[in-house]
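Novice: Mind looking over this structure? Questions follow.
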Amino acid sequence: MTKHKKLVEFVEQVSGMCRPDRIHWCDGSEQEYQLMIRLMVQAGTAIVMNQSKRPNSIFVRSDPLDVARVEDRTYICSSLKEDAGPTNNWADPSEMKATLSKLFDGSMKGRTMYVIPYSMGPTGSPIANIGVELTDSPYVVANMHIMTRVGTQVLEVLGTDGEFVRGLHSVGAPLDESGPDAPWPCNAQHKYICHFPETREIWSFGSGYGGNALLGKKCHSLRIASVQARDEGWMAEHMLILKLINPKGLVRYVTGAFPSACGKTNLAMLIPTIPGWRVETIGDDIAWMKFGPDGRLRAINPEAGFFGVAPGTSVLSNLNAILAASQHSIFTNCAITPEGDVWWEGMSDEEPRELSDWLRRPWTPGCGRKAAHPNARFTTPAKQCPVIAPEWEDPNGVPIDAILFGGRRANIVPLVTEAFDWQHGTFLGSTASSETTAAAAGKVGQLRRDPMAMLPFCGYHMGDYFAHWLKMSSRTDAVKLPRIYYVNWFRQDAQGKFLWPGYGENCRVLKWIFERVNGEADAIDTPIGRLPVPGALDLSGLKISQQAIDELLRVDIDGWRAEVPLIKQHFEMFGDRLPRELHSELSRLEDRLNNAIP
Ligand code: SAT
Ligand code: MN
């Protein structure tokens, strides 16, 4: 328990409203984790996996109406509508609280309310940030145990008056005597994921899945933290963090912003195909970055685990993730083999003879259905990753040398482009676009602008967010700033086949970036940025046609000219909050394209 008056008041207030049968203060212990698993098994939420195949692991299958983040039910409730900006749903904070209070009223009846004190970032680190999530879901408690640092030590750091983000979560399905609990209780009709950035509060109702419910992740570490970062002069970004080591043992740190389900986890754990090169992992989803006393931008991973997309993950695409998830993990919406192990599309070339699919139905190859949901996930402790960097919990963070932006683009966008400078790099990030994936509810494969991969995660006006990016550069000398790159692993040929093999071969692009940072590799100026000169990309040992390479590095002048009005249209949305620097970057791009010989 705690002597923190405001925390005790918060718990009392919420329990008065939600009226749970019991309150459980989480201590973060292994016994507590095991208790959550037992509760989930008893309730039919989870099945324990075959201990000899995957020790201490469980399968969970959600309600089919609760399988991904719900962006259209996600709100930023700032006092002024303009502060939420055009990319967020806005609601008046007091009106939203009135609406939600009715829904939360009695919403935990028959259930236990868990009080989860958690730290984003190493407990006690000066860059870490504390939150307390109140939830009625044992699934959330178990996942938070893996994804964050939970427990008594967090209360100790909080002391009697420390600041914390207040998170309130309910699956919105009170229990009464009339019937048994659902295996995955939720309230599909009334989902609300609401953020109150000014008071650092999160109220989430109706969904138990991923980023909707594990409030430390997108809600706290991105939506609330982005506002805090703006106020305090640092950055909260949707980025992986990796450590790249060359054959001489020299180290460079790289972050990368890609939309959900575009390969951040794979890139963060990549196994280079070029002999002597190595990648180690710091984080796979979120980076908090602050300038250190040396003027370098330093990043920490606020999370303690990976909530990775399962389908497509295999020993070939991401051996390290497969090894990390070999024990003590939670598998959500995957399929189950007759041996009690897990399976998903892309895990093996050969499909198992029979499975129980994510909807608990018998499944056989060729039955015409996917066995795992496309947004099926594994939750795994980061420390189980075989290539986790020894310094991944360094409270001072790691100094960042390069920042990547990217997304899925079938055409136009080359394999890699280097920004001319920080301002141009900010422009590249602000125009980032990608074809949508299954990580969010809605249509898959639609092209959308996703600036800095933060479209669903920026807690304030995105025009102001761009201004914040630009302003960050004034905090240090230009030479100390990370270089910025735009990459695209997903360019296709006319037949729709991927031109680039991706995965481990992406190290060839990373190597060029490493050498650029070191001043050792050559680039050529083009209208859209700097590209590798012919021969600068190390392609030794890679079977790829010259034609494919030419296409991957081609600057499609006509394609880019057609892109300019689309960027203009995208920028119009931000009105007078779009920094003039980005307007001028766009006109410079236009000029360069107009002067180019196609
Ligand atoms: O469900 S999450 O938001 O945690 C995963 C993602 O979309 O990146
Ligand atoms: Mn993500």
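The values are calculated or read from the model by the stated rules, or taken from the named source; none is laboratory data. Note that this is a predicted model, so its numbers are computed, not measured. Cβ atoms come from the backbone with ideal geometry, glycine included; neighbour counts cover every protein chain shown. To get the accessible areas, we keep the full protein, side chains included, count just its heavy atoms, and leave off ligands, DNA and RNA. Shrake-Rupley method; radii C 1.70, N 1.55, O 1.52, S 1.80 Å.
Novice: Using a basic spin-label model with each label point 7 Å from the Cα along Cα→Cβ, how many nm lie between Leu359 and Asn89?
Specialist: 2.5
Novice: Run down the lysines and flag those whose C-alpha is under 23 Å from the C-alpha of Lys109, throwing out any fewer than 8 positions away in its chain.
Specialist: By straight Cα distance, Lys109 reaches Lys97, Lys191.
Novice: Let me ask something additional. Please give the peptides 458-467, 67-76 ranked by average Cβ packing (other Cβ atoms within 10 Å per residue), highest first, as a rough proxy for protection.
Specialist: 458-467, 67-76
Novice: Now a separate question. Take the alpha carbon atoms of the stretch 533-574, find their center, do the same for the stretch 232-307, and report the distance between the two centers in whole angstrom.
Specialist: 24
Novice: Just the ratio, please: alpha-carbon radius of gyration of the stretch 452-598 over 2.2 N^0.38 Å, N its number of residues.
Specialist: 1.19
Novice: Moving to a separate point now. Which order do the peptides 9-16, 235-242, 412-419, 42-49 come out in when sorted by mean C-beta neighbours inside 10 angstrom, highest first?
Specialist: So the peptides 9-16, 235-242, 412-419, 42-49, ranked by packing, come out 235-242, 412-419, 42-49, 9-16.
Novice: Take the Cβ-Cβ distance between Lys471 and Ala43 as r, set R0 to 56 Å, and report the resulting FRET efficiency rounded to the nearest 0.05.
Specialist: Here the calculated transfer efficiency is 0.70.
Novice: Sticking with this one: Work out the FRET efficiency for Leu316 and Asn50 from their Cβ-Cβ distance, taking R0 = 35 Å, and round it to the nearest 0.05.
Specialist: After rounding to 0.05, the efficiency reads 0.90.
Novice: When the dipole is taken about the Cα centre of the chain, and only Lys, Arg (+1) and Asp, Glu (-1) are charged at their Cβ, what size is it in debye, to the nearest 20?
Specialist: So the magnitude is around 300 debye.
Novice: Taking the mean number of other Cβ atoms within 10 Å as a proxy for protection, how do you rank 333-343, 200-210 from highest to lowest?
Specialist: 200-210, 333-343
Novice: Something else: Given the convex hull of the Cα atoms of the stretch 306-384, what is a quarter of its surface area in nm²?
Specialist: Orientation-averaged projected area of the Cα hull: 4.8 nm².
Novice: State the extension gain, in nm to one decimal, for the chain segment bounded by Leu250 and Asp591, taking 0.36 nm per residue of separation less the distance between their alpha-carbons.
Specialist: 118.8 nm
Novice: Please report, in whole Å, how far the alpha carbons of the stretch 11-124 spread along each principal axis, starting with the longest.
Specialist: 55, 37, 32
Novice: Counting heavy atoms of the protein chains only and a 1.4 Å probe, report the per residue accessible area for the stretch 306-384 as a whole number of Å².
Specialist: Computed with neighbouring chains in place, this is 41 Å² per residue.
Novice: Compute the angle between helix 507-517 and the longest alpha-carbon principal axis of the chain, please, reported from 0 to 90 degrees and rounded to the nearest 10.
Specialist: So the inclination is approximately 70 degrees.
Novice: In percent, how large is the relative contact order of the stretch 306-384, given Cα pairs closer than 8 Å and 6 or more residues apart?
Specialist: Relative contact order comes out at 45 percent.
Novice: Can you give the extra length, in nm with one decimal, that the chain gains between Glu572 and Asp72 once fully stretched, where that is 0.36 nm per residue apart less the Cα-Cα distance?
Specialist: Result for the pair: 177.8 nm of gain on full extension.
Novice: Further question on the same structure: Is it possible to state the helix-based mean residue ellipticity at 222 nm for the chain, with each DSSP H run of 4+ residues giving -39500 (n - 2.57), the sum divided by total residues, to the nearest 500 deg cm²/dmol? What is it?
Specialist: Estimated from H runs of four or more residues: -7500 deg cm²/dmol.
Novice: Could I ask something else about it? Roughly what % of Cα-Cα distances in the stretch 119-172 sit above 19 Å, to the whole percent?
Specialist: Pairs farther apart than 19 Å: 26 percent.
Novice: Could you let me know the centre-to-centre spacing of the stretch 96-120 and the stretch 9-31, using Cα atoms, in angstrom?
Specialist: First find each Cα centre; the distance between them is then 9 Å.
Novice: Could you please state how large a percent of the accessible area of the stretch 139-272 is carbon and sulfur, counting protein chains only and using a 1.4 Å probe?
Specialist: That fraction is 50 percent.
Novice: For the pair Ser101 and Lys81, what calculated FRET efficiency results from E = 1/(1 + (r/R0)^6), where r is the Cβ-Cβ distance and R0 = 30 Å, to the nearest 0.05?
Specialist: In this case the efficiency is close to 0.90.
Novice: Show Glu156, Glu563 ordered by accessible area, largest first, where the area counts protein heavy atoms only and the probe is 1.4 Å.
Specialist: Glu156, Glu563
Novice: Separate question: Starting from a Cα-only point model with no solvent, please compute log10 I(q)/I(0) by Debye for the chain at q = 0.12 1/Å.
Specialist: Each listed q maps to, in turn, -1.24.
Novice: Ordered by residue, what ³J(HN,Hα) values in Hz, to whole numbers, does the stretch 519-528 give under the Karplus form 6.51 cos²θ - 1.76 cosθ + 1.60, where θ = phi - 60° and Gly and Pro are x?
Specialist: Per-residue couplings from phi come out as x, 10, 10, 9, 9, 10, 6, 10, x, 9 Hz.
Novice: Separate question: Nearest-5 percent of antiparallel DSSP beta bridges in the stretch 164-218?
Specialist: Bridges in the stretch 164-218 are about 50 percent antiparallel.
Novice: Counting Lys +1, Arg +1, Asp -1, Glu -1, what net charge surrounds Arg360 among other residues with beta carbon under 12 Å of its beta carbon?
Specialist: Residues close to Arg360 contribute a combined charge of 0.
Novice: A further question on this structure: Taking all pairs of different Cα atoms in the stretch 91-209, averaging 1/r and flipping that mean, what Kirkwood radius in angstroms comes out?
Specialist: One decimal place: 15.3 Å for the Kirkwood radius.
Novice: Let me ask you something else. Net charge around Gln327, counting only other residues with Cβ within less than 14 Å of its Cβ (Lys, Arg = +1; Asp, Glu = -1)?
Specialist: +1
Novice: Over 10 Å intervals from 0, what percent of Cα-Cα pairs in the stretch 262-393 sits in each interval?
Specialist: 12, 38, 28, 15, 5, 2
Novice: Determine the dipole magnitude for the stretch 306-384: charges of +1 sit on the beta-carbon of Lys and Arg, -1 on that of Asp and Glu, nothing else is charged, the reference point is the Cα centre, and the result goes in debye to the nearest 20.
Specialist: Around 340 debye, computed over the stretch 306-384.
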